[in-house]
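Structure first, then comments.
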Amino acid sequence: MKLKTMKRKEWTRLKECQFAFKTIDENTEAGYIKMINLTAPLTVNIANTNQVKCIADNGYTWIQFGFRHHNLWLTAMYDTNDKLVECYFDITEKNVIKPNGDSYFYDLYLDVVFFTNGNIELLDENELHDALNNQEISQNQYSNAYKTSKTLITWLENEEHQQQLIDYCYYNYFQFLTI
């Protein structure tokens with residue numbers, strides 16, 4: 001199982017950034033990463049389309065939300081024009097919420113992506129299957145990853161919830177800009 005940090009110290013593509021953090025509430029810590037120098041932009045192919053979307057480049061911003069009581073970790077990604085590009089949910093085994101932006105999580109491989117046009121994708125099922133087959137995770141962890149992702153996708157399919165998520169991400173983004 002992969003350990004990932006709020007400061008993304010393990011991400012070798014990111015050479016220089018500005019980092020800030022804040023406590024959203026007693027159960028949520030957020031970290032702000034303004035990317036200054038990346039070795040190369042990060043692009044993704046959008047499923048069932050011929051579209052390629054940039055999700056990380058010089059000048060882009062990511063805000064990560066670590067939730068104490070939920071098995072997911074949200075990364076909201078913004079372009080150089082402050083436009084929300086996507087909401088990326090890592091399905092997690094455990095989130096460890098610590099002060100000073102030192103929070104981290106244990107990644108259960110499965111991911112859910114929400115695009116602001118309402119599209120939702122489930123990613124990295126092959127990684128989850130491989131982790132189970134290689135005995136890196138248990139059958140219970142495997143099942144919990146799918147259960148969590150299904151619950152999240154069902155929630156995201158509701159247009160009112162989509163708008164709540166977008167509003168939440170923008171509200172916190174602009175809160176960081178005032179720090």
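Taking label positions 7 Å along the Cα-Cβ direction at both Ile24 and Ala40, the computed distance is 3.2 nm, reported to one decimal.
Send over the semi-axes of the range 2-177's equivalent ellipsoid, whole angstrom and largest first, taken as the square roots of 5 times the C-alpha gyration tensor eigenvalues.
On the way: eigenvalues 108, 74, 63 Å².
They are 23, 19, 18 Å, listed from largest to smallest.
Ranking request for peptides 155-161, 126-132: highest mean number of other beta-carbon atoms within 10 Å first, then the rest in descending order. Intermediate values should be presented prior to the final figure.
Values: 155-161: 12.1, 126-132: 16.1.
Going from most to least packed, we get 126-132, 155-161.
From the alpha carbon centroid of the range 125-179 to that of the range 1-47 is 16 Å. log10 I(q)/I(0), Debye, Cα-only the range 75-179, no solvent, q = 0.16, 0.17, 0.23 Å⁻¹? Result of the Debye calculation: -0.82, -0.90, -1.24.
Take the Kirkwood radius over Cα pairs of the range 1-75, plug it into Stokes-Einstein at 20 °C and 1.002 mPa s, and you get 156 µm²/s for translational diffusion. Using just its DSSP H runs of length 4 or more, each adding -39500 (n - 2.57), the chain gives a mean residue ellipticity at 222 nm of -8500 deg cm²/dmol after division by all residues.
Each value in this text was obtained by applying a stated rule to the coordinates, not by laboratory testing. Everything numeric in this text was worked out from a predicted model, so none of it was measured. Cβ sites come from the backbone with ideal geometry, for glycine too, and all protein chains shown count toward neighbours.
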